[in-house]
Amino acid sequence: MQRLIAAIAVVSLAGGCATVVPVEPADLVLTGGRVFTGDARAPWAEAVAVRGESIVAVGEGRAVRRHVGPQTRVVRLRGRVVVPGINDAHVHVPWGIGPESIELPADGGTAALLEAIRALVLERPLGSWIRAELPPALPFEGLDRIGLDAVAPSHPVRLDTLGGHAAVLNSAALAEWGIARKMPDPPGGWYGRDRAGRLDGWIYEHALWIARAAEAGRASDAEIRAQLEGFAAAAARFGITSIQTMPLLSPSRTEHLLIGIDPPLRWRVIELRMGTLPDGSSSHRPLKYILDGTPIERNAALRAPYADREGWRGRLNYAPGTIAEMMRRAASGPRPLLVHAAGDAAVRVVLDAMKGTSTDGWPRRRVRIEHADGLTGEMLADAAALGVVVVQNPSHFALAELVQARLGPERAAEFMKARTLIERGIPFALGSDGPLDPWLNVMLAAMHPSNPAEALTVEQAVRAYTAGSAFAEMEESRKGTIAPGMLADLAVLSQNVFEVPLSELPNTESELTIVGGRIVWEREDEP
């Protein structure tokens, strides 16, 4: 039997008579607030009604309240702001169980770091792992396997760079990971070696991720599910409703483990391809390649040398011919393509490969460049014409001093564009790729410490985190704006992010998070 139909009188002066229009009651109505719709034609409303998993009405409060029936839950917003659910377009979920990361001293250089590890060795059981993240400003050249062996001869030690594209291991850790001197470099990655060809402990790009994937894969399903549920709960508290992630686990195992995760999020699983190009699979799963490193390790591929290493331009993980083949397959195959390209040389190779491929349908393909820090100058027009989608990460903007040191002031002022990309009509989305908090990332996007001239407005940043991310995953007809017929993915915020000082944005929380009409997070003191 159909649900109760409430007959509501609507003024329609046709011949002086009012018309009665039947309106099916909503399951949930949010009213009395500031609803940021994300629709440029009508960016603000007062209320929104939800039935099932979809939005059925948006607008002035009185009109939307027509959808209130006997069973409708009504949430009185009391002026609070509602936004489309945040869609994190580039997030690294903690897949698998590895050694816990410890804090290392940020000052004192390599000597202080090694002394800190020596102290940890005295406290830890023999053979237990020591893992930490290296301070980004540390001069990596003074750190290697030999130095780590001297302070930790029997404890496996792994020190990751902030960018996650390289790590340095001692001999015990190399042995635990099965990395031997004569092991060949894998496609897309390499092992650091001294002049005699011996391993120096550094592992780069795919060589690192292959080992990390094997480590993550050893975790049990129960361990990984517990991690995923903890992550989903944290995301819901921020107002995040969609996640686009590149897991270290196989995509099939990942998708199996995501079934029944509570609280529910919308997950887009992207295959991180390590090694050779895939065969002619009919899969429609998105495919990602990492084409270069990051400025942190000085392995983002640049057209001119790094300012702080004479003659060094970084490197591509794949030959230009291989990248051209990636583009040829993307032009005709069913799989959406994403590429990590940070340096300007890497971005140029991608755009040239696209231009060299015979197709007039690139905008429809929506090739994504993750980061695209070096997208500048003459490349902007090419990117706009090819319909490239840029997914940027505001947490990177916080590394202003490091970017200045690596590139020099003049080039740094041309890198990490954001506002210019939007003004040039290049589709633009945001993802965390670091701290999950979207409101911290909105603040960084609106400040842009590395390149203040490229700072966004808060509204631009929120659009990029919602509608922009939906466009990046080809879901803009269902997500990213608050309008009738769209999925009811919404967040009621603890403060008006469009009016508070930028420095207060990280204090923002979601007081009510809704995914497909289902409340997945609600503060206990909410009505």
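The values are calculated or read from the model by the stated rules, or taken from the named source; none is laboratory data. Note that this is a predicted model, so its numbers are computed, not measured. Using ideal geometry, Cβ is built from the backbone for each residue, glycine included, and neighbour counts are taken over all protein chains shown. Side chains included, ligands, DNA and RNA excluded: accessible areas come from the protein's heavy atoms. Shrake-Rupley method; radii C 1.70, N 1.55, O 1.52, S 1.80 Å.
Observations, loosely collected:
- Within the range 218-237, the presence of a residue that is in contact (Cβ under 8 Å) with a residue 12 or more places away in the chain, within 25 Å of residue 322 (Cα to Cα) and either of a type in the set (Phe, Trp, Tyr) or open to solvent by less than 60 Å² (accessible area, probe 1.4 Å) (or both) is excluded.
- None of 39, 27 is buried (at least 16 other Cβ atoms within 10 Å of the Cβ) and at pLDDT below 95 except 39.
- Residue that is among the aliphatic types (A, V, I, L, M), open to solvent by less than 30 Å² (accessible area, probe 1.4 Å) and farther than 30 Å from residue 308 by Cβ, where the choices are 130, 55, 117: 55
- Residue in the range 462-473 that is open to solvent by 10 Å² or more (accessible area, probe 1.4 Å), touching a strand residue (DSSP E or B) at 6+ places or on another chain (Cβ under 6 Å) and in a loop (DSSP other than H, G, I, E, B) present: yes
- Here the range 396-416 is the region considered, the condition is being touching a Ser or Thr at 6+ places or on another chain (Cβ under 7 Å) and open to solvent by 20 Å² or more (accessible area, probe 1.4 Å), and the residue that is nearest to residue 94 (Cα to Cα) is 399.
- The combined condition, being open to solvent by less than 20 Å² (accessible area, probe 1.4 Å) and aliphatic (A, V, I, L, M), is fulfilled by residue 86.
- Residue satisfying all of: in the range 474-504; assigned to a loop (DSSP other than H, G, I, E, B) and among the acidic types (Asp, Glu); least open to solvent (accessible area, probe 1.4 Å) among these: 489
- So residue 138, is it of a type outside the set (D, E, K, R), more than 30 Å from residue 267 (Cβ to Cβ), open to solvent by less than 20 Å² (accessible area, probe 1.4 Å) and in a loop (DSSP other than H, G, I, E, B): yes
- Some residue of the range 249-270 being open to solvent by 20 Å² or more (accessible area, probe 1.4 Å) and polar (S, T, N, Q): yes
- Checklist (1) over 22 Å from residue 297 (Cβ atoms); (2) more than 22 Å from the chain's Cα centre (by Cα) applied to residue 200, failing item: (1)
- Among residues of the range 441-454, those that are buried (at least 20 other Cβ atoms within 10 Å of the Cβ) and out of contact with any Gly (no Cβ under 9 Å at 6 or more places or on another chain), counted: 9
- Residues of the range 141-182 that turn out to be part of a loop (DSSP other than H, G, I, E, B), under 17 Å from residue 117 (Cβ atoms) and open to solvent by less than 20 Å² (accessible area, probe 1.4 Å), as a count: 6
- Selection of the range 215-248 for residues being among the polar types (S, T, N, Q) and part of a loop (DSSP other than H, G, I, E, B) yields only 220.
- Test: residue in the range 346-362 that is outside any helix (DSSP H, G or I) and under 23 Å from the mean Cα position of the chain (by Cα): no
- First in the range 350-379 and over 21 Å from residue 468 (Cα atoms), second anywhere and of a type in the set (Lys, Arg) and at pLDDT below 95, Cβ under 7 Å, 6 or more apart: 357/328
- Residue 94 vs. criteria open to solvent by 70 Å² or more (accessible area, probe 1.4 Å) and either assigned to a loop (DSSP other than H, G, I, E, B) or in contact with a Lys or Arg (Cβ under 8 Å, 6 or more places away or on another chain) (or both): no
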